[in-house]
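Chemist: One structure is given below, represented as structure tokens, and several questions about it will come after.
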Amino acid sequence: MKKVITGNQAVAYGVILSRVDVISAYPITPQTTIVEELSELIASGRLNTRFLKVESEHSAMAALIGASTGGVRCFTATSSHGLAYMHEMLHWASGARLPIVLVNVNRAIGPPWNIWSDQSDSLSQRDTGWIQLYCENNQEVLDTILQAYRIAESVKLPVMVVLDAYVLSHTSEPVEIPTMEEVDPFLPPYLPEYTIDVQEPKTFSAIATPEYFLEFRYKIQKAMEQVPEVAKKVDDAFRSRFGRGYGAIERYGKEEAKIFLLTSGTVTSTSRTVIQKLVEKGVHVAGIKIKRFRPFPVEEIYEEIKGAKKLAVIDRNLSAGVGGIFAQELRASLYCKEERPQVFGFISGLGGRDITPGLIEEAILYTQEHPQPEEEILWLGLKK
């Protein structure tokens with residue numbers, strides 16, 4: 001079935017098709033319509049799921065930690081300060097190895113107060129032990145929810161699915177919605193290895209002394225290292241069943257490019273058009289879309305950019321004092337490589353400002369014309 005739906009509705013369909021047992025959430029713009037739609041379905045009896053009404057985002061995640069420990073499939077959604085408020089509980093979820101799926105609708109962090117899109121909220125949680133997957137369009141949003149549960153339950157780590165505020169969350173696009181009968185073979189019921197059982201009591205999340213704590217973190221890291229292989233198998237299985245797949249990254253544009261542009265989220269859609277136009281004009285440029293930010297797809301990117309001289313990155317985020325987060329992750333990942341391109345780190349689109357085709361073209365042409373960046377941070381569209 002194909003329907004014209006918003007990104008937030010695509011999330012809701014993905015949750016329904018995943019047969020989620022428990023949803024807990026606190027409303028925050030621009031995420032609110034996700035859980036509104038789910039709560040209406042539950043209240044009307046059309047969705048057999050438990051909805052927990054809580055007083056904060058911190059409590060929403062705490063409730064899901066309890067539910068997931070009890071052995072059921074869980075979901076929540078949030079944005080911006082709501083995600084920041086969850087921060088403590090995000091660590092608890094990953095440390096307890098719980099396969100919770102959270103959708104974050106990217107929204108700027110204040111002050112000044114802003115309800116529009118940038119990635120600073122999700123990227124500020126990059127060290128919490130959550131897998132992070134970024135979506136380009138509404139079809140990818142729905143499909144990624146389904147994949148996220150299978151990845152999470154395979155490696156026993158939580159997954160954050162990320163989409164841009166308004167550009168996706170409140171904008172309608174045609175989306176192919178599979179049936180429950182089609183999804184069930186791809187995403188079987190969740191069967192946890194360890195659960196709360198009064199007949200066989202166990203201790204969960206007890207204190208760990210220095211003799212043991214290091215090994216807990218070691219095992220989380222080893223689980224993260226399994227993600228690329230597991231995610232590829234899940235994506236291949238999804239493509240085989242539904243005819244769509246995404247990978248950790250996607251390369252497009254000139255086949256033998258000397259310049260690459262790295263983007264994530266909806267900026268990629270605009271970049272495709274710009275790059276196609278420039279290739280037709282004879283510019284040797286290609287694009288790299290990053291879908292999986294955590295764990296960072298180091299080897300996948302390196303394989304695609306071998307031979308490139310320059311790599312431009314457009315970040316819709318800022319780590320104050322450092323610069324764009326995707327650019328810094330890329331520089332760090334390439335540091336030990338013998339051959340690596342010069343990285344040009346651009347920042348634009350903060351607080352929902354449009355990243356226009358003209359700005360993207362400006363970034364590519366600047367990268368083409370300069371042997372190296374004139375500044376550590378290159379700002380696009382800054383009002384002088």
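Chemist: When the residues of segment 299-330 are filtered to those that are of a type in the set (Val, Ile, Thr) and touching a Leu at 6+ places or on another chain (Cβ under 8 Å), which remaining residue is farthest from residue 122 (Cα to Cα)?
Modeler: Checked segment 299-330; the qualifying residue farthest from residue 122 (Cα to Cα) is 305.
Chemist: Being of a type outside the set (Lys, Arg) and buried (at least 17 other Cβ atoms within 10 Å of the Cβ) is the filter here, so list the residues in segment 73-83 that pass it.
Modeler: Selection gives 74, 75, 76, 77, 78, 79, 80, 82, 83.
Chemist: How about segment 314-323: which of its residues are buried (at least 23 other Cβ atoms within 10 Å of the Cβ) and either of a type in the set (S, T, N, Q) or more than 21 Å from residue 131 (Cβ to Cβ) (or both)?
Modeler: Once the filter is applied, which keeps residues that are buried (at least 23 other Cβ atoms within 10 Å of the Cβ) and either of a type in the set (S, T, N, Q) or more than 21 Å from residue 131 (Cβ to Cβ) (or both), segment 314-323 yields 314, 317.
Chemist: On the given criteria, is residue 159 surrounded by 24 or more Cβ atoms within 10 Å (Cβ to Cβ) and either assigned by TED's automatic domain parsing to the domain that holds residue 75 or within 22 Å of residue 238 (Cα to Cα) (or both)?
Modeler: Yes, satisfied.
Chemist: Also: Do we have residue 153 as of a type in the set (Asp, Glu), without any contact (Cβ under 8 Å) to a residue 24 or more places away in the chain and either within 23 Å of residue 272 (Cα to Cα) or not assigned by TED's automatic domain parsing to the domain that holds residue 291 (or both) here?
Modeler: For residue 153, the condition - of a type in the set (Asp, Glu), without any contact (Cβ under 8 Å) to a residue 24 or more places away in the chain and either within 23 Å of residue 272 (Cα to Cα) or not assigned by TED's automatic domain parsing to the domain that holds residue 291 (or both) - is not met.
Chemist: Let me confirm something: among 246, 166, which residue is in a loop (DSSP other than H, G, I, E, B), on the phi > 0 side of the Ramachandran plot and in contact with a helix residue (DSSP H, G or I) (Cβ under 8 Å, 6 or more places away or on another chain)?
Modeler: Among 246, 166, only 166 is in a loop (DSSP other than H, G, I, E, B), on the phi > 0 side of the Ramachandran plot and in contact with a helix residue (DSSP H, G or I) (Cβ under 8 Å, 6 or more places away or on another chain).
Chemist: Moving to a separate point now. Among the listed residues 293, 326, which satisfies the condition of being of a type outside the set (Lys, Arg), surrounded by 19 or more Cβ atoms within 10 Å (Cβ to Cβ), at pLDDT 95 or above and more than 16 Å from residue 344 (Cα to Cα)?
Modeler: None of the others qualify; the one that does is 293.
Chemist: Would you mention how many residues in segment 333-355 are part of a loop (DSSP other than H, G, I, E, B) and in contact with a strand residue (DSSP E or B) (Cβ under 9 Å, 6 or more places away or on another chain)?
Modeler: Selection size over segment 333-355: 5.
Chemist: If you don't mind, another one. Name the residue that is farthest from residue 183 (Cα to Cα), counting only residues in segment 243-262 that are touching a residue at least 60 places away in the same chain (Cβ under 8 Å) and surrounded by 16 or more Cβ atoms within 10 Å (Cβ to Cβ).
Modeler: It comes out as 259.
Chemist: Right, something else. For residue 274, all conditions in the list (1) farther than 25 Å from residue 362 by Cβ; (2) out of contact with any strand residue (DSSP E or B) (no Cβ under 7 Å at 6 or more places or on another chain); (3) surrounded by 22 or more Cβ atoms within 10 Å (Cβ to Cβ); (4) not basic (Lys, Arg) hold save one; what is the number of the exception?
Modeler: Going through the list (1) farther than 25 Å from residue 362 by Cβ; (2) out of contact with any strand residue (DSSP E or B) (no Cβ under 7 Å at 6 or more places or on another chain); (3) surrounded by 22 or more Cβ atoms within 10 Å (Cβ to Cβ); (4) not basic (Lys, Arg), residue 274 breaks only (1).
The values are calculated or read from the model by the stated rules, or taken from the named source; none is laboratory data. What you are looking at is a predicted structure, and each value in this text was computed from that prediction instead of being measured. Note: ideal-geometry Cβ built from the backbone for every residue, glycine included; neighbour counts use all protein chains shown.
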